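Read through the structure below, which is laid out as structure tokens, and then see the notes.
Each value in this text was obtained by applying a stated rule to the coordinates, not by laboratory testing. None of the values given here were measured: they were computed from a predicted structure. FYI the Cβ positions are ideal-geometry reconstructions off the backbone, even for glycines, and counts take in every protein chain you see.
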């Protein structure tokens, strides 16, 4: 049995399901953004394994700017991959909602949490615009940096 199937019921303390499925774009376009039961399980695994420990370690709020995306919604997000883990409920895009920096979150995740994919999204060499993180059973620990443009992103190994 995988770690995904051994989760506590529900979401972690001070965590709401809506944080992971809310989408202003979906609402504006009238696109349903409803996860399947498997996607819900993946969202809970992401929350318990990555997002909640990160929030606790940072000691302040972390804003989830993008979590689950239905396939239809994902198709409306410029530069989004057709294999995006957002569509599986395995990924979230994060920005600091507190006094810490996005780079602080990135480095904490890289050093201490069992991520599948971690991406330094755009920004500068000292601060990403946002942090993309994903989790799945048997995580790969792949660390990347986004280059190119939001319309045509490309990825390279993160070299710190």
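Per-residue ellipticity at 222 nm for the chain, helices alone: DSSP H runs ≥ 4 residues times -39500 (n - 2.57), over residue total, nearest 500 deg cm²/dmol?
That comes out to -7000 deg cm²/dmol.
Exposure proxy check: 93, 116 ranked by fewest other beta carbons within 10 Å?
Sorted ascending by nearby Cβ count, the order is 93, 116.
When ranked by the protection proxy of mean other Cβ atoms within 10 Å per residue, highest first, what sequence do the peptides 68-78, 44-54, 150-160 form?
Most protected by this proxy first, the peptides run 44-54, 68-78, 150-160.
What does the convex hull of the Cα atoms come to per residue for the chain, in Å³?
Dividing the Cα hull volume of the chain by its residue count gives 112 Å³.
Applying 1/(1 + (r/R0)^6) with R0 = 22 Å to the Cβ-Cβ distance of residue 100 and residue 17, what FRET efficiency is obtained, to the nearest 0.05?
Efficiency at R0 = 22 Å is approximately 0.35.
Taking the mean number of other Cβ atoms within 10 Å as a proxy for protection, how do you rank 106-115, 21-30 from highest to lowest?
Going from most to least packed, we get 106-115, 21-30.
If packing is taken as the average number of other Cβ atoms within 10 Å across a peptide's residues, how do 81-89, 120-128 rank, most packed first?
Sorting 81-89, 120-128 by mean packing, highest first, produces 81-89, 120-128.
With the cut-off at 1.5 for a/c, could you classify region 64-142 from its C-alpha gyration tensor as rounded, prolate or oblate?
It is oblate, given that a/c is not under 1.5 and a/b is not larger than b/c.
Could you work out which residue, out of 56, 19, 40, moves most in a Gaussian network model of the chain, that is, has the largest mean-square fluctuation with Cα springs under 10 Å?
Of 56, 19, 40, the most mobile in the Gaussian network model is 56.
Restricting to Cα atoms and excluding each atom paired with itself, what does the Kirkwood estimate give for region 8-58 in Å?
Here the Kirkwood hydrodynamic radius works out to 12.0 Å.
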